[in-house]
Amino acid sequence: MEPARSTSSPTLVSRTTAIDPPAFATAFDALPTPRTTWSAPDDAVVVASGAAATLTASGPDRFTAIREATDELFDSGDVHAGTEAARPRVFGGFAFHEGACAGDPWKPFPEARFVLPRIQVTFADNGTWLTVTDAGSDASTTAVEERLDHEIERLAGRSADGPRPARPGIREQRRTTGRDAWRESVTAALDRIRDGELRKVVLAQALEADLESEFPRAATLERLAGKYPDCHRYCFEPDAGGSVFFGATPERLVSLRGRTVETDALAGTTGRGETPAEDEWLAEELLADAKNVHEHELVAETVRDQLEPYAASISAGDRRVRRLATVQHLHTPITAELDADRHVLELVEALHPTPAVGGLPPDRALETIHETEPFDRGWYAAPVGWIDAAGNGAFAVAIRSAVATPDRATLFAGVGLVADSDPDREWDEVQLKYRPILDELEADG
């Protein structure tokens, strides 16, 4: 294990004030790199910049290392926030597994990285808030308040300014897995399932796209927000070197507030219809499909089992269909009340990877993924989210995602395999899951 490292000591000063709301895209473009954005259906929209502190870790104990470093960072905090949503939080994510960031395009991304932003703009239900934070032995109230005034001036009057940049267009695409290789991989995995070695495994593909023009970060995030308002949307720039990991995921891993936990089982997929009647027919077919229902129940059962050691009570809602712009999923909401106070990262570690992105049993599924996938997963399908000083937080599963540089994007998508999976149908499902990001890269019109 590599212990979590911080770029500053844990003396923390933070101040917040209400501001006139700038436009999201112009606020994003106005702030210096590295930048972070976070948005969820039940959370404020955050656009953040810089790093008052950066926490990194690697190895199998990276969750514990980040938890301990976060607690140390917040312990000496002098925080004045006008609203809970604008209080300082650390934002970041983890690698899917140890060693997952060794190759391209993941080299700029540590196996765990969280930042306490120096500047945080929070779009909340009760207004827009600007938070400035500093940490370290030289952090002072005077310097933070002066920086707050400076950032107010920088953001003042920044509203929507002209048309958004067009989608960049794709010059060339390259797959890591061809169709024949995919059939062979799926068939080999199904043999393991039928032999009893596995109950389920999730295999993924990667797609490289060379772009015709520079990747427009703010405009892409805005378009994803408009098209996927019910998803968790995220953007992480690991440094000022040009990489960004972003996406719009429908899958919440866990949120914790006090002792109340909310999570989801999300597995089983079909497309959208061209008419309302076709849409409804596809949804009913999904609810009745034995393969998809079996895959979904494996996920829901495992999530409940993983929460049970921490919970005083657990309840699950009815299985339903969740509609997104390009796909429909089987969805079961799950809530729990904890039996004691817990840090959100204890639950993140317990739940990751869910069978929706890994498989069962977890160790054999991970072994199969290692042997089969010809690329590094990096942060794909891993936990991304935020933590506050109380140990509360929210994390999503980073699917429907890509890593982009100014001239290239690498997209990731996967499918769950169970005993009666068909290689060609699973191939088609992967292509469907590329669409949320691919639609934002292909040229307009």
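In the set (1) crowded, with 17+ Cβ neighbours inside 10 Å; (2) at pLDDT 95 or above, Thr260 fails one condition alone, (1).
Looking at Ala240, Ala225, Ala248 in this structure, which one is within 25 Å of Phe123 (Cβ to Cβ), out of contact with any strand residue (DSSP E or B) (no Cβ under 8 Å at 6 or more places or on another chain) and in contact (Cβ under 8 Å) with a residue 12 or more places away in the chain? Working first, answer last.
On the way: Ala225 fails: out of contact with any strand residue (DSSP E or B) (no Cβ under 8 Å at 6 or more places or on another chain); Ala248 fails: out of contact with any strand residue (DSSP E or B) (no Cβ under 8 Å at 6 or more places or on another chain).
Only one candidate qualifies: Ala240.
Within the stretch 45-68, one or more residues are open to solvent by 10 Å² or more (accessible area, probe 1.4 Å), within 19 Å of Thr16 (Cα to Cα) and not small (Gly, Ala, Ser). Against the test of being over 30 Å from Val202 (Cα atoms), at pLDDT below 85 and assigned to a helix (DSSP H, G or I), the options Arg154, Arg158, Arg164 yield a single qualifying residue, Arg154. Count of the stretch 228-245 residues, restricted to those that are of a type in the set (D, E, K, R), out of contact with any Leu (no Cβ under 7 Å at 6 or more places or on another chain) and open to solvent by 10 Å² or more (accessible area, probe 1.4 Å), is 2. Within the stretch 189-217, the residues that satisfy the criterion of being under 19 Å from Asp439 (Cβ atoms) and of a type outside the set (A, V, I, L, M) are Gln205, Glu208, Asp210, Glu212, Ser213, Glu214, Phe215, Pro216, Arg217. Please identify the pairs in which a residue from the stretch 113-133 that is more than 10 Å from Arg15 (Cα to Cα) has its Cβ atom under 9 Å from the Cβ atom of a residue that is among the basic types (Lys, Arg) and assigned to a strand (DSSP E or B), counting only partners at least 6 apart or on another chain. If the second residue must be among the basic types (Lys, Arg) and assigned to a strand (DSSP E or B), the pairs left are Pro117/Arg35.
Just to check your reading of the model, which residue among Arg175, Arg167, Arg179, Arg252 is among the charged types (D, E, K, R), in contact with an Asp or Glu (Cβ under 6 Å, 6 or more places away or on another chain) and over 30 Å from Thr302 (Cα atoms)? Give the derivation first.
Values: Arg175 fails: in contact with an Asp or Glu (Cβ under 6 Å, 6 or more places away or on another chain); Arg179 fails: in contact with an Asp or Glu (Cβ under 6 Å, 6 or more places away or on another chain); Arg252 fails: over 30 Å from Thr302 (Cα atoms).
Answer to the selection: Arg167.
Give me the strands (runs of 3 or more DSSP E) completely within the stretch 199-280, filtered to those with at least 3 residues that are closer than 26 Å to Pro361 by Cα, ordered by residue number. Steps first, answer last, please.
Working: elements: 200-211, 232-236, 244-249, 252-257, 260-271.
Filter on the stretch 199-280 gives 200-211, 252-257, 260-271.
When Ala4 is tested against the conditions (1) at pLDDT 85 or above; (2) out of contact with any Ser or Thr (no Cβ under 6 Å at 6 or more places or on another chain), the lone failure is (1).
Of everything listed in (1) out of contact with any Gly (no Cβ under 8 Å at 6 or more places or on another chain); (2) surrounded by fewer than 24 Cβ atoms within 10 Å (Cβ to Cβ), the single unmet condition for Gly393 is (1). Candidates Asp149, Asp138: the one that is open to solvent by 30 Å² or more (accessible area, probe 1.4 Å), free of Cβ contacts under 8 Å to residues at least 40 places away in the same chain and within 20 Å of Phe74 (Cβ to Cβ) is Asp138. Looking at Ala248, Ala265, Ala225, which is the one that is surrounded by 21 or more Cβ atoms within 10 Å (Cβ to Cβ), closer than 26 Å to Asp43 by Cβ and at pLDDT below 95? Of the residues listed, the single one that is surrounded by 21 or more Cβ atoms within 10 Å (Cβ to Cβ), closer than 26 Å to Asp43 by Cβ and at pLDDT below 95 is Ala265. Tell me, which strands (runs of 3 or more DSSP E) lie completely within the stretch 281-374 with 2 or more residues that are open to solvent by 10 Å² or more (accessible area, probe 1.4 Å) and among the hydrophobic types (A, V, I, L, M, F, W, C)? It comes to 311-316. The number of residues in the stretch 50-102 being within 18 Å of Cys235 (Cβ to Cβ) and among the charged types (D, E, K, R) comes to 1.
Looking for something under 30 Å from Asp78 (Cβ atoms) and more than 19 Å from the chain's Cα centre (by Cα) - is there at least one such residue anywhere in the stretch 361-369? Looking for residues that are under 30 Å from Asp78 (Cβ atoms) and more than 19 Å from the chain's Cα centre (by Cα), one finds none in the stretch 361-369, hence no.
Restricting attention to the stretch 97-106, which residues are open to solvent by 10 Å² or more (accessible area, probe 1.4 Å) and either within 18 Å of the chain's Cα centre (by Cα) or among the acidic types (Asp, Glu) (or both)? Full working, then the answer.
Of the residues in the stretch 97-106, the ones open to solvent by 10 Å² or more (accessible area, probe 1.4 Å) are 97-99, 101-105.
Correct list: His97, Glu98, Cys101, Asp104, Pro105.
Given the structure, is Pro436 open to solvent by 10 Å² or more (accessible area, probe 1.4 Å) and either under 28 Å from Ala57 (Cβ atoms) or modelled with pLDDT under 95 (or both)? If you could, list the steps in order and put the result at the bottom.
Numbers: open to solvent by 10 Å² or more (accessible area, probe 1.4 Å): no; either under 28 Å from Ala57 (Cβ atoms) or modelled with pLDDT under 95 (or both): yes.
Here the answer is no, as Pro436 does not meet what is asked.
The values are calculated or read from the model by the stated rules, or taken from the named source; none is laboratory data. The model shown is predicted, which means the values in this text are computed figures rather than measured ones. Counting neighbours? That spans all protein chains shown, and the Cβs are built from the backbone with ideal geometry, glycine included. When the accessible area is computed, the model is the full protein with side chains, heavy atoms only, and any ligands, DNA or RNA have been set aside. Shrake-Rupley method; radii C 1.70, N 1.55, O 1.52, S 1.80 Å.
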